[in-house]
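Below: the structure, in structure tokens.
What follows draws every value from the coordinates through simple rules; no lab data is involved. Predicted model only: the values in this text are computed from it and were never measured. Note that we place each Cβ from the backbone using ideal geometry, even for glycine, and neighbour counts take in every protein chain shown.
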Amino acid sequence: MKKSLKRAISILLCFAMLFCAGISTSAADDVVISRIHCTVYGDTATQRGISWYTNVETDTQVKVYTLLGLVDVTDSLTIETECEEWDGNYMHKAYISGLTAGTTYTYKVGDGSNWETGTFTTDNGDNLVNFVVVADIQASSLENFEKGKATIEAAFKKMPYADFYANLGDFTNDSTNEEWDYYAEAMDAINATQTIVPVAGNHDSNSGWFNNMFALDTTESVRTNNGVNYSFDYGNVHVAVVNTNDNISISNAQLTWLENDMNSTDADWKIVFMHKSPYSLGKDIKWPDACYLQESLAAVCDKTNVDLVMSGHDHMYLRTKALNDNKVVDQKDGTTYVLAGTAGSKRYEFRTFILNNYFSQDILEVAVSQKSGYGNYWDGETLDNADTNNIGGVFNTVSVVGGALKLDSYVLVDETGELNQIDSFTIVKATGENTVTYTGENVQKSDIIDTLSSFMSLAQYSLGTWLGMFIKTLPDLISTYIETGTF
């Protein structure tokens, strides 16, 4: 069955469940069900995680259906549930196993009387994989969450057959109940028909909020209090999700986990999702936590043949050429780094002094500022060009077909509501060449020894590499602050 047809069927399933299964989506008995997410969990062909919140304590019930919601297959599945009070609400999670590959399911979650409905389609294991990537909605008001929603809706109009979508972090600004309620009001309808791959941002990292919001496989996660690292296969693609809130940036334990994880797969494509970006022209790359990733994480990517790294954090779009040891190499022999832009309304201008100080302009392929009054872009020689069509929310679509990976990036233009394509590139390589070189257990928990060694690694980099770059650019930092009030 073609994936576009599956997507159409998934939408029909919601209506079928509403009218054929007698689901009540009202808030009877004052029960409000919200913040619903269907997440990748374990084997994407046979498993899913589902999470939701209620405003009062209720039972945690899940029903799963096939054939347009007409056949209840719940009893044939293994479903583990949990519920706990979280900051005045109740967090519910369900971990579903025993699903059939390449099958579209309808699910409903609730307490037995009050229900909300969603759909998902399991991985069929072929070499055709499509997904959407967004980052940094980071809103505080419903108005700004709605702007992020519009960007994501535009992404699914462009790619209605997406297998999943990744959000690269900073779902909200302060991770409060009020903001997550705004997020749910804007995003619950989208999340009801999509499988999400969530990435922890620094604004999502306080007091365990991220882990409590999503049903994820945390068995290999180095930490869970400030984010989660995990991995999965989808078709011929292996994805590792990295937590860049781990020991300020990334711990030695998580670097070991990432190296082992990438060496434990023979998938044709290796992709890393993370929040903080190793390469940026924004305000955050000048600090050692993000800059350190150019040395630490990039070295792991070099050793393990990672094809693509996608990140957020600096609220602009940027793509490097293929790199190995921070040098440009042939596209199939290196890692391409993409700063995915922001789907939200908070955007940064370029810090032009970054170029040739924090990394060489030779590695830069594309850069676009989304910020009103700027809209600058890199033309191969200068960052001074500007185009109002670059001002808006950004989304990315990625299609993998056998040995070809294609990424397209778009701005939903603020002024016109039209799409402006800002980037497109394709990587082509031979398939069947990756082999498994690690087969051991990959549980790398952070302890006091790891914390100390990680701190020493970051301190050594900061004093030996970063400090010289920072001092060199300090006059530009000061003049920028005097001229624009930004640092």
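Here are some notes:
- Coupling constants for region 463-469 follow from the phi torsions by the Karplus curve (6.51 cos²θ - 1.76 cosθ + 1.60, θ = phi - 60°), and in residue order they are 6, x, 10, 5, 4, x, 5 Hz; glycine and proline get x.
- Full extension of the chain between Ala101 and Ala299 gives 67.8 nm of extra length, using 0.36 nm per residue less the Cα-Cα distance.
- For region 280-437, a simple Cβ point-charge model (Lys and Arg +1, Asp and Glu -1, everything else neutral) yields a dipole of about 300 debye relative to the Cα centre.
- Modelled spin labels at Gln460 and Val443, positioned 7 Å past Cα toward Cβ, are 2.9 nm from each other.
- Paramagnetic label reach from Asn127 (point 7 Å along Cα→Cβ; backbone nitrogen cut-off under 12 Å): within region 414-448, residues 429-434.
- Between Met469 and Thr486, residue separation times 0.36 nm minus the direct Cα-Cα distance comes to 4.2 nm.
- Once you divide the Cα radius of gyration of the chain by 2.2 N^0.38 Å, the number left is 0.95.
- Stretchable slack from Leu68 to Gln361, in nm (0.36 nm times residue separation minus alpha-carbon distance): 100.2 nm
- In straight-distance terms, cross-link reach from Lys303 covers every one of the lysines whose alpha-carbon lies under 17 Å from its own, apart from those fewer than eight places away in the same chain; here that gives Lys270, Lys327, Lys332.
- Integer Hz, Karplus 6.51/-1.76/1.60 couplings in order for region 87-102, x for Gly and Pro: 6, x, 10, 10, 8, 10, 9, 9, 10, 9, 10, x, 6, 9, 4, x
- Sequence-distant contacts, meaning Cα pairs under 8 Å at least 6 residues apart, place the relative contact order of the chain at 13 percent.
- Count of Lys pairs (Cα-Cα under 26 Å; at least 8 positions apart or interchain) in region 31-155: 5
- Helix-only mean residue ellipticity at 222 nm for the chain, each DSSP H run of n ≥ 4 adding -39500 (n - 2.57), per residue, nearest 500: -7000 deg cm²/dmol
- Across region 39-47, rounded Karplus estimates of 3J(HN,Hα) from the backbone phi angles (6.51 cos²θ - 1.76 cosθ + 1.60, θ = phi - 60°) give 10, 5, 8, x, 7, 5, 7, 10, 9 Hz, Gly and Pro being marked x.
- Overall form of region 103-206: oblate. Here a/c, set by the Cα gyration tensor axes a ≥ b ≥ c, is 1.5 or more, and a/b is not larger than b/c.
- Simple spin-label estimate for Ser453 and Thr431 in nanometres, 7 Å along Cα-Cβ: 3.8 nm
- Which of Ser479, Ser205, Thr58, positive extreme of dipole for the chain (C-beta unit charges): Ser479
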